[in-house]
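Student: Let me begin by handing over the structure; questions about it come next.
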Amino acid sequence: MTRFPPLARILFEIFDEKGGAWMFGIRMILLSLLALPLLGDSLKLESRYSFKQSTLYSHDFFPSVPTFPVLEISRDLSLYKVRSSEIVKEFEKHGIKVEAKTPIIEFVKSSSGNFSELEERVGELFVKEHSKNQILVRGVQVSPTTSVELGGWRLLEIDFDSKLLKRSTGTFSAYFSDAAGNKRKSFFRYEIDATLEAIFTKETLKGGDVLDSGSVEIKRIPFERITSEWMRKDQVGKVSVKSYTSPETLLTQDRIIPKIVVRRGDVIRVRIQEGAVSLEFSATAQQEGAVGSKIRVRNEKNKKSYDVKIIDPMTAIIE
């Protein structure tokens with residue numbers, strides 16, 4: 001049976017009392033209008049839903065639309081996946097346009113139990129892992145992969161693989177105990193909604209160019225998956241790009257090297273320390289390098305070359 005807001009029901013009752021063909025026409029117009037989503041609002045399907053009954057109706061997805069069956073799930077299943085296009089088609093049959101966020105929608109059978117403690121634990125792990133990239137967690141959703149009853153069970157610990165901290169969704173396990181000391185292990189799926197600070201190039205850069213405020217910009221982007229550790233804000237001005245890099249490139253640690261402070265041909269001071277005696281001379285760099293790296297230099301007076309360690313942009317030492 002189609003369910004409508006209270007105002008619509010009252011209007012229908014009035015029309016029923018008045019009767020007449022023209023009233024029937026008005027009733028049909030109202031019915032058509034109520035069947036449409038609110039103009040300007042886009043109805044979007046979520047990537048995951050929970051269910052208790054085997055039949056899912058339209059109002060289980062969008063409470064404001066008329067009620068009609070959309071999906072049938074076997075009573076034996078605790079997790080069911082379906083193409084979002086199939087759900088979209090069911091709504092289109094009734095003249096309702098909806099959009100999908102993801103190509104696949106998951107349906108998880110509802111279980112009794114409060115998962116807020118699990119969600120808090122998972123959120124804390126992500127905050128600790130990505131604090132250097134200023135992670136902002138907007139929400140964490142945890143649900144069991146199968147139907148479980150956790151009433152009376154206390155959370156002991158979670159087994160969360162470090163690899164999971166590189167992606168926004170995944171599966172982990174948790175251990176529980178009851179008052180009698182019995183233990184159990186259950187599996188859960190998590191989905192985290194978060195953003196991170198990422199650093200992008202503003203322009204084309206060549207190998208050795210310094211990554212400073214003029215050549216990069218910081219953006220906050222959705223956290224989805226990290227395959228290589230990102231460059232951090234505190235590294236701006238302290239590192240250089242390793243090789244040719246095009247504009248709008250997300251900078252990761254494997255793309256950067258310590259900032260080049262001495263270039264080939266630069267004249268620097270070279271210091272030799274022998275106990276309390278210190279000797280300095282000028283030399284020409286034969287290689288480029290960053291602070292802490294070793295390069296080859298040449299003393300133009302005696303024509304000898306030395307291996308030195310750079311300690312600042314103008315000074316190196318012979319160890």
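Please treat every number below as a calculation from the coordinates, not as lab data. These figures come from a predicted structure and were not determined experimentally. Cβ: placed from backbone, ideal geometry, glycine included. Neighbour counts: every protein chain shown.
Student: Under a point spin-label approximation (7 Å from Cα along Cα-to-Cβ), what is the Lys163-Gln287 distance to one decimal in nm?
Tutor: Using points 7 Å along Cα→Cβ, the separation is 3.7 nm.
Student: Continuing with the same structure: In a shell of Cβ-Cβ distance under 12 Å around Ala283, excluding Ala283 itself, what net charge do Lys and Arg (+1) and Asp and Glu (-1) give?
Tutor: Surrounding charge for Ala283 is +3.
Student: Among Ser47, Ile226, Ser215, whose Cα projects farthest towards the positive end of the dipole of the chain, with charges put on the beta-carbon of Lys, Arg (+1) and Asp, Glu (-1)?
Tutor: Positive-end residue among those listed: Ser215.
Student: How many angstrom lie between the C-alpha centres of region 249-309 and region 141-188?
Tutor: Value for the Cα centre distance between the two parts: 54 Å.
Student: Report the charge-dipole magnitude of region 196-259 in Debye, nearest 20, computed about the Cα centre from +1 at each Lys and Arg Cβ and -1 at each Asp and Glu Cβ.
Tutor: Magnitude of the dipole: close to 100 debye.
Student: Nearest 10 degrees is fine. How inclined is helix 116-129 to the longest principal axis of the chain, computing both from alpha carbons?
Tutor: 20 degrees
Student: Consider a paramagnetic label point 7 Å from the Cα of Ser147 along Cα→Cβ; state which residues of region 70-90 have an amide N under 16 Å from it.
Tutor: Residues passing the 16 Å test: 72-81.
Student: Place a point 7 Å from the Cα of Lys206 along the Cα-to-Cβ direction; which residues of region 231-270 have their backbone N under 13 Å from it?
Tutor: 243-245
Student: Would you mind working out the magnitude of the charge dipole of region 237-288 relative to its Cα centre, with +1 at each Lys and Arg C-beta and -1 at each Asp and Glu C-beta, to the nearest 20 Debye?
Tutor: Its charge dipole is roughly 80 debye.
Student: Another question about this same structure. Match the structure shown to one of the listed values [x] -0.44, -0.69; [y] -0.55, -0.83; [z] -0.34, -0.66 of log10 I(q)/I(0) by the Debye sum over Cα atoms at q = 0.07, 0.10 Å⁻¹, computed from it, and give that label.
Tutor: The value matching this structure is [y].
Student: Okay, helix-only estimate at 222 nm for the chain: each DSSP H run of n ≥ 4 adds -39500 (n - 2.57), divide by all residues, round to 500 deg cm²/dmol; what do you get?
Tutor: Calculated at 222 nm, the ellipticity per residue is -5000 deg cm²/dmol.
Student: Plugging the Kirkwood radius over Cα pairs into Stokes-Einstein for region 180-297, at a temperature of 37 °C and a viscosity of 0.692 mPa s, what D comes out in µm²/s?
Tutor: Approximately 185 µm²/s, per Stokes-Einstein.
Student: Eight or more residues apart or on different chains, and alpha-carbon atoms under 18 Å: count the Lys pairs in region 35-180 matching that.
Tutor: 16
Student: Compare Val70, Val108, Val142 in a GNM of the chain, Cα atoms joined below 10 Å, and give the one with the largest fluctuation.
Tutor: Val70
Student: Computed FRET efficiency, Cβ-Cβ of Asn182 and Val127, R0 30 Å: what is it to the nearest 0.05?
Tutor: 0.40
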